[in-house]
Amino acid sequence: RPLDILSEVVPTGRLARGMRVFQVQGVSGFQLAASRPRALGFPASRLFIHCDNFPEEFSIIVTLRVLNIPAKRNEYVFTLMAEESPSVLVGLRYAPGKLHFLFWSQERTGSWQTRVTFPNVSLSDNQWHTLVLAVSGQSFSLTVDCSIPKDVVVETPFPASLSVQRASFYLGNRRRRKGVFTGLLRQLVLLPGADATPRICTAMNFKVATLSVPTVLQDHPMKPASNEVLKYPYETDTKVTLGSRPPCTKQEKMQFWFNASRRGLYLCNGSTWISMLEVKQRLDYVEEYQNLVTNSETMGVEVFTIPKVGLFAATANRYTLPGSAIYKWTDGKFVPYQNIPTFQAQSWKYFTIGKKIFLAVANFEQNDRGQEFSVIYKWSRRKEKFVMYQRITTHSARDWEAFVIEGEAFLAVVNHREGNNHNIDSVIYRWNPRTGLFETNQTIPTSGAYDWEFFTIGPYSFLAVANTFNGTSTKIYSHIYIWLSGSFQLFQSILTFGAADWEVFRIGDRVFLAVANSHSYDSGMPAPSNFYAINSSIYELNITAQMFVKFQDLLTYSALDWEFFSVGDDSFLVVANSFDGFTFSVNSIIYRWQGYEGFVAAHHLPTVGCRDWEAFHTAEGSYLLYSSAKEPLSKVLKLKT
């Protein structure tokens, strides 16, 4: 039967002085102190009850985690020593890159003990390892983590009758402070008369294969259930990682990560980082971070991340040459990455279909040949660039929206006008996986439309269009459509004034829809004192009425965009104010969610012809990027908390 040496040191579950339980990578082990080596021993007679001789053939099974130790240092895993002698009768000793098995041959009285050395045994990698040492006569075999055994044959056989009378086992030492084992021990078992390898090498995780482990070390929970307390106190490896978010896998289980930028302490549970202590962030102020010089005035901007490549921003620029640009976030700044020819581009849309990555541009004007196309570009992993993939006929396109319904991919374009006719169809395209192209699926009548906004509520899918101008007035209805029976059908109409953007967002369980009204003009009505100083509105979904109802009006100045973002537990809306009737140099405003009070102005940001806002996050913090439609300069602002 297996003789559990480790359990004999803690026979009643009480740790001996100089022992602590540590948990690393989800596995518990003993850490030993050098101050009281004799306290980590017990008489051999507790194991050898009916016989005073050490077995002639046996296996020793050890599960341990070794720390990096100096090159010339030796550490003892265990020893068996006679009380009246400093000599080691049986022992296992580790040195960097080597494992030594020691034994005393009584046939050679007066000589130094025999040492069997296994070279090229590398254990100092901060991982758990299980060793099986099988001994029979002159043959010694070492198996590490159930790999190919290392066999050694020596001249001196292991003694046939090694007396253990008045001898004691010592855990992690040779009865002296020097050479104490500094790593962690989980399993130390003596199996007489057999090679234990077939019994050990059956588990999936060979590195922590178990034959016999003390109860104290068996599967501690991360925390007690309800009011239960842990039966045995234990500690875990207190390694704390700093910097950007590290991976959290089984290997990092019970490790801490301190996020200095967010002042938060997190614990890895084997799959995700759990917040243990976190200072709730609050937005204190906004500072200018980067002046982004663009190819020309910028009508829209799209920030996106390509997995394993990086963070990018695509600007939709007014002039054909040098076209629109893509910038890559490098060393904390956006730097030019790729130019793409466009024709008075209005916006970009990034989306994926399976593993394919796309970027669609909405072109407002015709090309040099008088053709009017908007273009879908595909990311080339080989070239690490976007290359043209599909051209689609559009009419003064303003915006693309990409979405998925019931597993099918769609792409909707906003057609603003055809010639002087603003009342034209906008088109929804469906991805054909057989041809690998987008094909027309549905047309929807729109009036000088500027924007599509797709969103879902429970099982329902919606698509809202911002209608801007019908040829005579900006005071017209914008529409919300719902997907039913394979197509979009009218759900609700909302009166808007030159609507340029819809923004859907959620705060808790509440769903909101904000419209950016750009100007109030009606050819049949007297001119207002200011076409551009008008309310933009926020609507909230009323579940009972099954419709959006007005929640709040906010005074804006030719608003062209809303962007929702969060900092800590706080929610914000920033509006792109572009023109107040006199100047394009007008403040855009960040509104803070105040619950019962709704959104309240919190920060005024100087902007010039502001057209679009994008919020994004990096490991260094949170940012806002705005594009200017009146100067070739966009700006990155950093949110300071």
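Label region 240-279 by shape, choosing from rounded, prolate and oblate, from the square roots a ≥ b ≥ c of the eigenvalues of the Cα gyration tensor; if a/c is under 1.5 it is rounded, and otherwise prolate applies when a/b is larger than b/c, oblate when it is not. Mind dumping the intermediate values first?
Details: a/c = 2.37, a/b = 1.63, b/c = 1.46.
Prolate, since a/c reaches 1.5 and a/b exceeds b/c.
Would you please classify the overall shape of region 285-640 from the alpha carbon gyration tensor, given that a ≥ b ≥ c denote the square roots of the eigenvalues, rounded means a/c under 1.5, and beyond that prolate means a/b larger than b/c while oblate covers the rest? Walk me through the numbers before you get to the answer.
Details: a/c = 1.25, a/b = 1.08, b/c = 1.15.
Rounded shape, in that the Cα axes give a/c under 1.5.
Could you give the nm distance between label points at Tyr596 and Glu620, where each point is 7 Å from its Cα heading toward the beta carbon?
With each label placed 7 Å out from Cα toward Cβ, I get 4.2 nm.
Taking the Cα centre of region 3-217 as the origin and placing charges on Cβ (Lys, Arg +1; Asp, Glu -1), which of Leu99, Leu190, Phe30 is farthest toward the positive end of the dipole?
Projecting each Cα onto the dipole axis, the largest value belongs to Phe30.
When a/c is below 1.5 the answer is rounded, else prolate if a/b is larger than b/c, else oblate, so apply that to region 451-569 with a ≥ b ≥ c taken from the square roots of the Cα gyration tensor eigenvalues. Spell out each step's value before the answer.
Values: a/c = 2.25, a/b = 1.40, b/c = 1.60.
It is oblate, given that a/c is not under 1.5 and a/b is not larger than b/c.
Stretch Gln113-Arg381 to full length: gain in nm at 0.36 nm per residue minus the Cα-Cα span? Please report the intermediate quantities before stating the final value.
Values: separation 268, 0.36 × 268 = 96.48 nm, distance 6.32 nm.
That works out to 90.2 nm of additional length.
For region 361-424, divide the Cα radius of gyration by the Kirkwood radius and give the resulting Rg/Rh value with two decimals.
Checking Rg against Rh, the ratio lands at 1.05.
Which value at 222 nm does the chain reach when only helices count, each DSSP H run of 4 or more adding -39,500 (n - 2.57), with the total divided by all residues and rounded to the nearest 500 deg cm²/dmol? Provide the component values of the computation, followed by the final result.
Details: 2 runs with 9 residues, N = 641.
It lands at 0 deg cm²/dmol.
Got a number for the accessible area of Glu302? Probe 1.4 Å, square angstrom, nearest 10.
30 Å²
Taking region 525-641 on its own, what percent of its Cα-Cα pair distances exceed 18 Å?
On the way: 3766 of 6786 pairs.
So the pairs more than 18 Å apart make up 55 percent of the total in region 525-641.
What span do the alpha-carbon atoms of region 55-94 cover on each of the three principal axes, reported in whole Å from largest to smallest?
Ordered largest first, region 55-94 gives principal extents of 32, 25, 13 Å.
What number comes out for accessible area per residue over the chain if the probe is 1.4 Å? Units Å², please. Let's see the in-between values first.
Values: 29490 Å² over 641 residues.
Per-residue value: 46 Å².
For Gln371, what charge total do you get from the other residues with a beta carbon under 15 Å from its beta carbon, if Lys and Arg give +1 and Asp and Glu give -1?
-2
Give me the log10 of I(q) over I(0) for region 342-457 at q = 0.10 Å⁻¹, as the Debye formula computes it from C-alpha points; what are the numbers?
-0.29
Taking a cut-off of 16 Å, what percent of all Cα-Cα pairs in region 592-641 are separated by more than that?
In whole percent, the long-distance tail amounts to 53.
Using 0.36 nm per residue of separation minus the Cα-Cα distance, give me the extension gain between Lys475 and Gln165 in nm, one decimal. Provide the component values of the computation, followed by the final result.
Values: separation 310, 0.36 × 310 = 111.60 nm, distance 10.31 nm.
In short, 101.3 nm is gained.
Can you work out the FRET efficiency for the pair Tyr319 and Phe582, with r the C-beta to C-beta distance and R0 = 25 Å, to the nearest 0.05? Please list the in-between numbers first.
On the way: r = 26 Å, r/R0 = 1.06.
FRET efficiency, Tyr319 to Phe582: 0.40.
Using a Förster distance of 60 Å, how high is the FRET efficiency between Asp425 and Asn269, based on the Cβ-Cβ distance and rounded to 0.05? Provide the component values of the computation, followed by the final result.
Working: r = 52 Å, r/R0 = 0.87.
Here the calculated transfer efficiency is 0.70.
Accessible area, 1.4 Å probe, largest first: how do Lys356, Lys638 sort? Each step should come with its number before you reach the end.
Values: Lys356 85, Lys638 35 Å².
The most accessible residue leads, giving Lys356, Lys638.
Over all alpha-carbon pairs in region 1-64, figure out the percentage whose distance exceeds 18 Å. Numbers along the way, then the final one.
Numbers: 964 of 2016 pairs.
Here the long-distance tail beyond 18 Å is 48 percent of all Cα pairs in region 1-64.
Report the full-extension gain for the segment Ser487 to Ser147: residue separation times 0.36 nm, less the Cα-Cα distance, to one decimal in nm. If you can, show how the numbers build up before the last one.
On the way: separation 340, 0.36 × 340 = 122.40 nm, distance 6.03 nm.
Using 0.36 nm per residue and subtracting the Cα-Cα distance, I get 116.4 nm.
Quick check: pseudo-label points 7 Å beyond the Cα along Cα→Cβ at Asn530 and Asn120, how many nm apart are they?
Label-label distance for Asn530 and Asn120, simple model: 8.2 nm.
Between region 615-641 and region 477-492, how far is it from one alpha carbon centroid to the other, in angstrom?
Each part reduced to its Cα centre gives a spacing of 34 Å.
Binning every alpha carbon pair distance of the chain at 20 Å from zero, what are the percents per bin?
For the chain, the pair-distance distribution reads 16, 34, 19, 21, 9, 1.
Mind checking which of Ser139, Ile274, Val504 is farthest towards the positive end of the chain's charge dipole, using Cβ charges of +1 (Lys, Arg) and -1 (Asp, Glu) about the Cα centre?
My answer, from the dipole projection, is Ser139.
Would you mind working out the magnitude of the charge dipole of the chain relative to its Cα centre, with +1 at each Lys and Arg C-beta and -1 at each Asp and Glu C-beta, to the nearest 20 Debye?
Values: 62 positive and 55 negative charges, 622 e Å.
Rounded to the nearest 20 debye, it is 2980 debye.
Mind checking the alpha-carbon convex hull of region 404-503 and giving the volume per residue in Å³?
Details: hull volume 9.4 nm³, N = 100.
Cα-based convex hull of region 404-503, divided per residue, equals 94 Å³.
D for region 3-217, whole µm²/s, Stokes-Einstein with Kirkwood Rh over alpha-carbon pairs at 4 °C and 1.567 mPa s: what number?
Details: Rh = 17.2 Å.
Using the Kirkwood radius from Cα pairs, D works out to 75 µm²/s.
Rounded to a whole number, what is D in µm²/s for region 331-397 from Stokes-Einstein with the Kirkwood radius over alpha-carbon pairs (4 °C, 1.567 mPa s)?
Details: Rh = 13.0 Å.
Approximately 100 µm²/s, per Stokes-Einstein.
Can you give the FRET efficiency to the nearest 0.05 for Arg14 and Asp569, using r as the Cβ-Cβ distance and R₀ = 51 Å?
Values: r = 46 Å, r/R0 = 0.90.
About 0.65, to the nearest 0.05.
Any idea how far apart Glu56 and Ile507 come out in nm if each label point goes 7 Å out from Cα toward Cβ?
The two pseudo-label positions are separated by 8.5 nm.
The values are calculated or read from the model by the stated rules, or taken from the named source; none is laboratory data. Every value quoted in this text rests on a predicted model; they were computed, and no experiment measured them. Cβ atoms come from the backbone with ideal geometry, glycine included; neighbour counts cover every protein chain shown. For accessibility, only protein heavy atoms count, side chains too; no ligands or nucleic acids. Shrake-Rupley method; radii C 1.70, N 1.55, O 1.52, S 1.80 Å.
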